[in-house]
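Since every read-out is calculated from the coordinates, none of them should be taken as a lab result. Treat the numbers as computed from the prediction; the structure is a model and nothing was measured. Using ideal geometry, Cβ is built from the backbone for each residue, glycine included, and neighbour counts are taken over all protein chains shown.
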Amino acid sequence: MTETIPVAVPRKGRPLEAVLQRVAEETDAEGVADEIISTLRYEKAVTKGTQSPDGDVYQRLAEYSNLGDATEPDFTLLRDDRAGKPRRIVFDSVTVPAGEVDLRLVGREEPFRALRKHDFPLGFDSADLVLEEVVGLRPDPLTRIADVNARIDPHDTDVRVVAGMGDTVYHTLMATPDALPKGSQPTREFLTDYEGDLCISPRYERLVEAVLGTRNASTLDFCYPGEDEEEEAAIADAGVGVYLTVTGSTARDHGLVVGEELFPSETVLMENYEETTATADHVKELFARAETETAMAIY
């Protein structure tokens, strides 16, 4: 009998799409992955007001859901953080045949924390959350996902990073020309002599301290964008900041100099090594390709 392995995944957004795309590459689930991705993109547009659906949210949820067949995707409702806190349709679960095992992908708001509680042997989540919650702060900066496990206290959690999914954007240092010495670029070295405000996204304090190193972060005063304020505009007001960026074009539109890429923000496969089995190891091998630069040694 084929064994089913539960895998915690995000309920929506870029990390979930990265997981589904990798699943589609390694199995015959292209159609299922495309259905989930297209449904959630449409529902995101509905939430943002750029699509006008025919039915209400409950009618759409009934149309999308397939409770009688685990191999068809199921969805659920989540209260969104936007003004008015609308109900948003998000991913719930689906079972995908993967050779010798079945993958039961289960949506969780915080997959990393579900693994920490030993609810799952395997899961996918943003590497950012690992840095925010369990990575130790040291004087030297953390620059690669491949070094994350070495900074996790084994007494703090049994979760370890296995491999990255390659959906990489970067936490990037940027500054206004007036904040920089003439002819210089925003780098970690620049921060060694900088004292003052550093604008970052709320709740990213520990992440920024980890990727800068406490030696560089000791003279910084964290500040944050105001409500409904663009991050790049807030950084321009502060003079220096760190923000996730792909091309940096919006930052340049605000007069910012885009500098050093401090750390990759990437979806990662994680395991709770106290919960993994031989079957779970097979699933790890399915995702953690040897040629992936971010593949980890398992602790």
Q | Positive dipole terminus of region 169-265, leading residue within Pro225, Gly259, Thr176 (C-beta point charges) | A | Gly259
Q | Likely footprinting exposure, Ser38, Ser65, Ser201, fewest C-beta neighbours within 10 Å first | A | Ser38, Ser65, Ser201
Q: Show that you can apply the helix-only estimate: for the chain, add -39,500 (n - 2.57) for every DSSP H stretch of four or more residues, divide by all residues, and state [θ] at 222 nm to the nearest 500.
A: -8500 deg cm²/dmol
Q | Among Asp128, Asp158, Asp221, residue whose mean-square fluctuation peaks in a GNM of the chain (springs only between Cα atoms under 10 Å) | A | Asp221
Q.
Over the chain, with a Gaussian network built from C-alpha contacts below 10 Å, which listed residue (Arg79, Arg113, Arg215) shows the highest mean-square fluctuation?
A. Arg79
Q) Counting Lys and Arg as +1 and Asp and Glu as -1, each charge on the Cβ, what is the dipole of the chain about the Cα centre in debye, to the nearest 20? A) 300 debye
Q. What lysines sit close enough to Lys12 to cross-link, taking a C-alpha to C-alpha distance under 16 Å and skipping anything fewer than 8 places away on the same chain?
A. Lys44, Lys48
**Q.** Cα extents of region 169-265 along the three principal axes, largest first (Å)
**A.** 32, 30, 23
Q | Nearest 10 degrees, 0 to 90: helix 30-48 Cα axis against the chain principal axis | A | 50 degrees
(Q) So if I take the centroid of the Cα atoms in region 79-139 and the same for region 191-254, what is the distance between those two points in Å? (A) 26 Å
Q) Between Leu137 and Glu195, what length comes free when the chain is fully extended (0.36 nm per residue of separation minus the Cα-Cα distance, one decimal in nm)? A) 18.9 nm
(Q) Once you compute Rg and the Kirkwood Rh from C-alpha atoms, what is the Rg to Rh ratio for region 169-216? (A) 0.94
